[in-house]
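Here the structure comes first, spelled out in structure tokens, and everything after it is commentary.
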Amino acid sequence: MADKQSLNRREFFSFLTVGWVAFSAACAGLASMALRYSYPNVNFEPEMDFLAGRPTDYEAGVDERWKNGFGVWMIKRDGILVALSNICTHLGCVPNWLPAELKFKCPCHGSGFYMNGVNFEGPAPRPLERFRITMTPDGQILVDKTRIFRQEKGEWNHPDSFIRV
Amino acid sequence: MADKGLAQKVRDTQVWKSIFRHGPPDNARNRAAVVAGNVFLHLHPIKLKKSGVELGYTWCMGGLTFFIFLALAVTGVLLMFYYRPTAEYAFNDIVAMREHVPLGIMREIHRWGAHAMVITVWLHMFRVFMTGSYKPPREFNWGVGVILLVLTMLLSFTGYLLPWDQLAIWAIAVGANMAKATPLVGHGGPGAAFAVIGDFVMVSDKNDVRYQLLGGRFVGEPALLRFYILHCVFIPLVVGTLIAVHFWRVRKDGGISAPL
């Protein structure tokens, strides 16, 4: 009889509480592990910064050599060289450069941008973004895509948003 | 003994009796046993009001949706035998399904079925709304149905990437940018701009919810694999479970609502 009384009602419920807390903690731990699991430690996408040669490598106008690998147009115009993002500011497609019409045209919904990246037709609400572009000490161009410059925020006057050529 | 019909002889065999524990469904008790003793049918109400299943009232849209879901599951499994979710093979395998595989219409059935299921789900929801069948005691089941609606559209969304053509890639690029705009957990969404400590950006394109969805910063091969797993395994499992709950609650909440 003494054994049967070893766990009274109050103790049973405290064990139950411990059990439920442990079960909830295990579930939360599993959920957070699954969440972390979905973010790989390494991805095999192109680097966010790259050396883009020397300013003399570029003709005046739009250069598409970095478009496929890094998603960047190099635009040399009016004495400056800029690194323009090729992500449409409407919904994130990639516009095409149309040399005959001197504009970027997005195939998804028809947004159009001038050569300098400013939007003028279609649904895009703001100009294409510039990436940070600087010179390394040995005279090469370094494009850094982790820092963006938005024209509508007045950031295209920032010294890192272009280089003089 | 000799005048026993063939049907009765079959019913008297041990094989038959081991499968069907009840007698022939020629009385109310046996008919109830048919439903209650079957693992699939037991989700279904044992008795229905005849007026409750009038075609003009239910449109049979829930039933059609379930039928199409089963057809999609079967055709989808068949398609999986010929599809490899890699950037190198995906598009060519889709073409091969039409050109090199018998019954090349299989993929079209899957695709048309997907369109049809979205339509029937909406019409089912419309019917349930117009007949007031979302009201208590059925409000919980309405909630389950709304989740199933969202999952149906997520199945369409994830399946849309698998052909791996230009339309697929850019449609998913646009769709995934909606995840980018999620408050707090998307790097383009409200709140993300404030989650910055000095130069350290807490919510960036490398750790936000869009990255989790795509397995990368843009729609690439990891996104194809993720969408394939979501489309073929993860979401169908959740949908199948919720369909069981949905049918069970139809039974437990008083059956299909009857015409007034």
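Every number in this text was worked out from the coordinates using simple rules, so none of it is lab data. Given the structure is predicted, the values throughout are model-derived calculations rather than measurements. Glycine also receives a Cβ, built like all others from the backbone with ideal geometry; neighbour counts cover every protein chain displayed.
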Hull shadow area, averaged, segment B:10-109 [alpha-carbon convex hull, nm²]: 10.8 nm²
Dipole in debye (nearest 20) - the protein assembly as shown, about Cα centre, beta carbon charges: Lys, Arg +1; Asp, Glu -1: 2180 debye
GNM result for chain B, Cα springs below 10 Å: residue of B:87, B:179, B:195 fluctuating most strongly: B:195
Under 23 Å from residue B:4, Cα to Cα: lysines that are on another chain or at least 8 residues apart: B:17
Within straight-line cross-link reach of residue B:135, aspartates and glutamates at Cα separation under 12 Å, skipping those fewer than 8 residues along the same chain: B:253
Dipole of segment B:39-252, positive direction: furthest Cα of B:158, B:142, B:109, with charges on the beta-carbon: B:142
Dmax and Rg, reported as Rg then Dmax, of segment A:49-164 (C-alpha, Å): 13.3, 42
Chain B - charge dipole about Cα centre, Lys and Arg +1 at Cβ, Asp and Glu -1, debye rounded to 20: 1260 debye
Rg/Rg_ref, the protein assembly as shown, where Rg_ref = 2.2 N^0.38 Å and atoms are Cα: 1.38
Total charge dipole magnitude, segment A:49-164, about the Cα centre, Cβ charges on Lys, Arg, Asp, Glu only, Debye to nearest 20: 140 debye
Non-local Lys pairs in chain A, i.e. 8 or more apart or on different chains, that have alpha carbons under 21 Å apart: 8
Point-to-point label distance, residue A:31-residue B:167, nm (Cα→Cβ direction, 7 Å offset): 3.9 nm
Rough spin-label spacing in nm, given labels placed 7 Å along Cα→Cβ, for residue B:129 and residue B:207: 4.1 nm
Among A:94, A:62, A:72 - extreme Cα towards positive end, dipole of segment A:49-164, charges at beta-carbon: A:94
FRET efficiency, 1/(1 + (r/R0)^6) with R0 60 Å, evaluated for residue A:49 and residue B:55 via beta carbons: 0.40
Value of Rg to Rh for chain B (Rh from inverse mean 1/r over Cα pairs, i.e. Kirkwood): 1.10
Chain A: calculated mean residue ellipticity at 222 nm from DSSP helix runs of at least 4, using -39500 (n - 2.57): -6500 deg cm²/dmol
Cβ-derived FRET efficiency at R0 51 Å, residue A:20 paired with residue B:74, nearest 0.05: 0.80
GNM result for chain A, Cα springs below 10 Å: residue of A:69, A:112, A:61 fluctuating most strongly: A:69
Order of B:161, B:167 under a 10 Å beta carbon neighbour criterion, fewest first: B:167, B:161
Taking B:93, A:138 and counting other C-beta atoms within 10 Å, the order from fewest to most: A:138, B:93
Of B:65, B:78, B:23, farthest towards positive along the dipole that unit charges on Lys, Arg, Asp, Glu beta carbons give segment B:1-85: B:23
Sites residue B:101 and residue A:138, calculated FRET efficiency, Cβ-Cβ separation with R0 51 Å, nearest 0.05: 0.35
Label point distance in nm, residue B:244-residue A:146, each placed 7 Å from Cα along Cα→Cβ: 4.8 nm
Reciprocal of mean inverse Cα separation for segment B:112-260 (Kirkwood radius, Å): 17.6 Å
Ranked B:128, B:15, criterion: other C-beta atoms within 10 Å, fewest first: B:15, B:128
Debye log10 I(q)/I(0) at q = 0.28 Å⁻¹ for segment A:44-90, Cα point scatterers: -1.14
